[in-house]
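These notes concern the structure reproduced below.
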2 protein chains.
Amino acid sequence: MTYIETLGKKAVAASRDLAKLRTSEKNALLTLVAKRLVAERLYIIEENTKDLAAAKDNGISAIMIDRLMLNSERIEGIAEGLRQVADLEDPIGQVVRGYTNLDGLKIVQKRVPLGVIAMIFESRPNVSVDAFSLAFKTNNAIILRGGRDAIHSNKALVSVIRKALEDAGITPDVVQLVEDTSHEVAEELMQAVDYVDVLIPRGGARLINTVKEKSKVPVIETGVGNVHIYVDEFADLDMAIKIVINAKTQRPSVCNAAESLLVHETIAEAFLPALDKALKAVQPVEFRADDKALALLPDARKATAEDFATEFLDYIMSVKVVSSSQEAIDWINTYTTHHSEAIVTRDIERAESFQDQVDAAAVYVNASTRFTDGFVFGLGAEIGISTQKMHARGPMGLEALTSTKFYINGNGQTRG
Amino acid sequence: MTYIETLGKKAVAASRDLAKLRTSEKNALLTLVAKRLVAERLYIIEENTKDLAAAKDNGISAIMIDRLMLNSERIEGIAEGLRQVADLEDPIGQVVRGYTNLDGLKIVQKRVPLGVIAMIFESRPNVSVDAFSLAFKTNNAIILRGGRDAIHSNKALVSVIRKALEDAGITPDVVQLVEDTSHEVAEELMQAVDYVDVLIPRGGARLINTVKEKSKVPVIETGVGNVHIYVDEFADLDMAIKIVINAKTQRPSVCNAAESLLVHETIAEAFLPALDKALKAVQPVEFRADDKALALLPDARKATAEDFATEFLDYIMSVKVVSSSQEAIDWINTYTTHHSEAIVTRDIERAESFQDQVDAAAVYVNASTRFTDGFVFGLGAEIGISTQKMHARGPMGLEALTSTKFYINGNGQTRG
């Protein structure tokens with residue numbers, strides 16, 4: 001039996017045991033894990049230090065090292081996240097619809113767990129705990145495969161969780177860490193259709209694409225955002241400047257940050273130099289512009305075709321001047337990664353046709369794209385942001401980790 | 001550009017045009033197609049005759065030829081199906097949830113089309129029209145790949161639909177038939193991730209498994225049913241006999257027909273001979289039994305391990321005696337294809353634990369499994385029965401052909 005087969009079998013068995021756990025038992029365990037993480041914080045930080053040392057030796061960037069780092073405050077934050085998940089309403093067992101049919105059958109469609117979830121993720125070790133908490137709250141077993149650079153941190157976090165599970169009399173195999181971080185084992189996990197019901201990758205475009213390309217297990221695509229803002233000829237230009245600055249610079253490394261700016265030709269001359277000036281006062285941004293925009297932005301570089309397809313995750317933005325709202329929509333539908341897109345306009349018809357036609361999970365009128373987030377959208381949690389159309393689209397909360405089952409009760413009915 | 005690329009590009013363009021169609025326009029078109037199919041019935045029957053002649057030359061079974069055959073009555077039935085879809089409530093544009101968040105953003109989650117659906121199916125040509133009608137009602141473009149043996153019938157049906165679309169001023173590319181029925185082209189369709197949003201296979205286990213194995217496009221698995229009935233020690237034995245007879249013999253060729261019988265050892269001696277006798281009076285069934293059942297069923301054959309994993313679709317049934325309800329549940333969870341499963345019992349606890357633990361789309365207490373069906377379940381339509389847990393599970397109606405999109409309207413909000 002291979003390593004993944006062993007993990008897979010244990011996960012399936014654990015998911016069956018989990019089916020019997022009540023909401024109160026689940027919430028008590030989540031609260032216990034929160035307490036244990038804080039109690040064991042020195043051990044966790046010690047293990048995390050090993051990852052940080054290795055990262056420095058490998059010359060990893062300061063931003064990545066910051067994402068990897070755990071301290072008492074961050075561990076308290078992770079514990080607080082667990083307590084919040086404990087407080088969320090339990091979707092399992094909720095009746096989606098129910099009725100008595102013509103034959104007198106009582107048909108009830110209920111929310112049930114998916115079964116076994118696998119997650120492949122990069123860098124930030126808090127994802128281990130977040131993902132476990134959402135999977136556990138929905139009675140799913142989870143197999144975690146984090147990055148090699150966070151292996152000591154992930155091992156420490158998962159061992160604290162497993163100890164808490166054992167002490168609560170629950171099989172610890174409801175959460176398992178793939179400790180062999182080789183590509184071969186990751187690829188075996190992507191093929192494990194007999195054990196894994198859904199695979200959720202979280203990380204950069206390269207990781208997502210590899211998983212999409214190689215996985216036989218059903219995948220929920222997440223997170224890549226080549227996000228556009230279209231400033232229409234009927235835009236409030238001051239509002240547009242505020243929105244572009246926020247969407248591009250408030251946190252450029254995240255998936256809902258803007259990457260590309262489309263401007264209607266009628267207002268390009270008034271808008272682009274004003275935006276450039278406003279940005280220079282706050283946070284300079286490198287523009288990669290088409291010819292028309294280039295004439296209005298003295299410091300810009302000429303954009304290549306690839307620039308318009310790139311998620312920069314940096315203070316860089318592609319810019320294009322369009323001659324109609326429809327051109328903007330068509331352009332976005334060519335380059336979108338189906339995450340978040342925005343229009344700035346005062347015109348109702350322009351706003352509506354943009355929202356109806358642009359093919360993305362979240363389509364904004366007159367607001368920053370930075371709001372696409374499970375917490376901001378009121379889901380109470382977020383396991384990722386789906387950019388596909390099947391199963392779940394946009395920010396995913398607990399409900400995205402559930403399926404449904406029809407319960408049919410009769411008293412001897414047969415079909416005529 | 002390959003054949004599938006050409007079809008794919010046209011389908012994507014057509015799906016964008018479709019986005020603008022109103023409910024009244026969609027319903028009018030469906031009604032027009034119904035009228036045209038009846039008006040063109042002689043042409044359709046003439047083309048169908050070519051398929052029937054080829055089928056006879058190829059020595060295809062009488063049952064399969066019957067499935068292939070179209071006559072005036074069946075065409076009227078197909079037309080009636082179209083009128084029923086026209087009458088269904090339109091899910092597109094329905095608001096799933098909506099609220100104003102803390103930032104004053106108006107967030108509305110609406111049902112939207114999936115985009116482009118592909119369907120690979122066998123034999124029955126009415127599937128072309130059914131699938132088109134459900135896809136069209138939900139503003140999706142569809143690519144149909146039917147079997148070689150129905151190619152003339154499918155061409156005729158699709159050409160009548162496309163002519164009606166043209167006359168109504170709608171791009172006929174909202175429905176396209178893959179006229180090259182080679183395996184190579186089918187496999188290219190399974191890889192067409194740039195054009196196809198979801199692939200729904202409909203047919204036998206071999207087709208479903210090939211699609212699952214080879215497809216890169218997201219798949220909704222449908223229809224394979226290794227369906228069990230477990231007769232518990234606390235069953236009403238008369239009811240159990242009625243249910244087994246119905247589930248096994250009323251229409252053995254369909255996916256919700258029973259294939260395997262589990263009997264609690266306490267009542268096996270009373271139940272199995274009585275069932276055998278009752279079946280012989282109605283419709284003899286060949287039992288393939290384990291040792292304990294074999295002793296009680298004089299005409300049975302000894303079951304092989306494979307028999308318990310086989311969807312017979314015939315008057316054949318595997319039989320096993322179990323010593324507990326939990327053994328039945330565990331057995332079913334090993335052999336189930338996650339379609340429909342049933343328990344016959346008077347005991348509340350047995351019924352509940354069976355329904356909670358058995359991992360299938362539809363789990364019955366005291367009723368025949370033959371009821372698993374979109375119409376019987378009140379969905380008003382059925383594009384197939386999903387046996388997977390993601391996106392849709394069990395009978396799929398119009399809603400299964402939709403995704404959702406977040407519409408967010410602000411007045412200049414930025415994230416702090």
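Can you pull out the residues in region A:122-145 that are farther than 17 Å from A:Glu76 by Cα and modelled with pLDDT of 95 or more?
Taking region A:122-145 first, the residues farther than 17 Å from A:Glu76 by Cα are A:122-123, A:134-145.
The answer is A:Leu134, A:Ala135, A:Phe136, A:Lys137, A:Thr138, A:Asn139, A:Asn140, A:Ala141, A:Ile142, A:Ile143, A:Leu144, A:Arg145.
Among the residues of region A:1-40, count how many are more than 26 Å from the chain's Cα centre (by Cα) and of a type in the set (Ser, Thr, Tyr).
The total comes to 4.
What residue, among those in region B:50-63 that are touching a residue at least 60 places away in the same chain (Cβ under 8 Å) and assigned to a helix (DSSP H, G or I), is surrounded by the fewest Cβ atoms within 10 Å (Cβ to Cβ)?
First, pick out the residues of region B:50-63 that are touching a residue at least 60 places away in the same chain (Cβ under 8 Å): B:50-51, B:54-55, B:58, B:60, B:63.
Still in the list and also assigned to a helix (DSSP H, G or I): B:50-51, B:54-55, B:63.
Values: B:Lys50: 14, B:Asp51: 26, B:Ala54: 16, B:Ala55: 20, B:Ile63: 10.
This residue is B:Ile63.
Please state which of the following conditions A:Gly378 fails to meet, knowing it meets all the rest: (1) closer than 23 Å to A:Val108 by Cβ; (2) without any contact (Cβ under 8 Å) to a residue 12 or more places away in the chain; (3) not basic (Lys, Arg).
With respect to (1) closer than 23 Å to A:Val108 by Cβ; (2) without any contact (Cβ under 8 Å) to a residue 12 or more places away in the chain; (3) not basic (Lys, Arg), A:Gly378 is out only on (1).
Do the conditions hold for A:Ser340, that is, is it among the hydroxyl-bearing types (Ser, Thr, Tyr) and over 18 Å from the mean Cα position of the chain (by Cα)? I'd like the intermediate steps shown before the answer.
Details: among the hydroxyl-bearing types (Ser, Thr, Tyr): yes; over 18 Å from the mean Cα position of the chain (by Cα): no.
Against the criterion (among the hydroxyl-bearing types (Ser, Thr, Tyr) and over 18 Å from the mean Cα position of the chain (by Cα)), A:Ser340 does not qualify.
If we keep just the residues of region B:145-197 that are of a type in the set (Ser, Thr, Tyr) and farther than 14 Å from B:Val217 by Cβ, which is nearest to the other protein chains (Cβ to nearest Cβ)? Give the steps one after another, and end with the answer.
Restricting attention to region B:145-197, the residues satisfying the condition of being of a type in the set (Ser, Thr, Tyr) are B:153, B:159, B:171, B:181-182, B:195.
Then drop every residue that is not farther than 14 Å from B:Val217 by Cβ, which leaves B:153, B:159, B:171, B:181-182.
Working: B:Ser153: 28, B:Ser159: 30, B:Thr171: 16, B:Thr181: 26, B:Ser182: 24 Å.
Applying the filter and picking the extreme gives B:Thr171.
Taking region A:225-253 as the region of interest, how many residues are more than 10 Å from chain B (Cβ to nearest Cβ) and within 14 Å of A:Ala362 (Cβ to Cβ)?
The number of residues fulfilling the criteria is 5.
Of the residues B:Arg370, B:Arg350, which single one is of a type outside the set (A, V, I, L, M), touching a helix residue (DSSP H, G or I) at 6+ places or on another chain (Cβ under 6 Å) and closer than 22 Å to B:Ala392 by Cβ?
On the way: B:Arg350 fails: closer than 22 Å to B:Ala392 by Cβ.
Going through B:Arg370, B:Arg350 in turn, just one is of a type outside the set (A, V, I, L, M), touching a helix residue (DSSP H, G or I) at 6+ places or on another chain (Cβ under 6 Å) and closer than 22 Å to B:Ala392 by Cβ: B:Arg370.
Tell me yes or no: at least one residue of region B:364-375 is over 30 Å from B:Asn126 (Cα atoms) and more than 18 Å from the chain's Cα centre (by Cα). Even if it seems obvious, please write down each step before you answer.
Let us first name the residues in region B:364-375 that are over 30 Å from B:Asn126 (Cα atoms), namely B:365-366.
Keeping just the survivors that are more than 18 Å from the chain's Cα centre (by Cα) gives B:365-366.
Yes.
Filter region B:84-107 down to the residues that are of a type in the set (A, V, I, L, M, F, W, C), under 25 Å from B:Asp17 (Cβ atoms) and either more than 14 Å from chain A (Cβ to nearest Cβ) or surrounded by fewer than 16 Cβ atoms within 10 Å (Cβ to Cβ) (or both) and list them by number.
As a first pass, look at region B:84-107 and keep what is of a type in the set (A, V, I, L, M, F, W, C): B:85-86, B:88, B:92, B:95-96, B:102, B:105, B:107.
With under 25 Å from B:Asp17 (Cβ atoms) added as a condition, the list becomes B:85-86, B:88, B:92, B:95-96.
Of everything in region B:84-107, those that are of a type in the set (A, V, I, L, M, F, W, C), under 25 Å from B:Asp17 (Cβ atoms) and either more than 14 Å from chain A (Cβ to nearest Cβ) or surrounded by fewer than 16 Cβ atoms within 10 Å (Cβ to Cβ) (or both) turn out to be B:Val85, B:Ala86, B:Leu88, B:Val95, B:Val96.
Looking only at region B:383-404, count how many residues are within 18 Å of A:Tyr99 (Cα to Cα) and part of a loop (DSSP other than H, G, I, E, B).
Within region B:383-404, the first condition is being within 18 Å of A:Tyr99 (Cα to Cα), and the residues that meet it are B:393-397, B:399.
This time we only want the ones that are part of a loop (DSSP other than H, G, I, E, B), so: B:393, B:397.
Total satisfying the criteria: 2.
Which of (1) within 14 Å of another protein chain (Cβ to nearest Cβ); (2) surrounded by fewer than 22 Cβ atoms within 10 Å (Cβ to Cβ); (3) touching a helix residue (DSSP H, G or I) at 6+ places or on another chain (Cβ under 9 Å); (4) not basic (Lys, Arg) does A:Gly81 not meet, given it meets every other one?
(1)
The values are calculated or read from the model by the stated rules, or taken from the named source; none is laboratory data. Here the structure is a predicted model, which is why all the values come from computation and not from measurement. Glycine also receives a Cβ, built like all others from the backbone with ideal geometry; neighbour counts cover every protein chain displayed.
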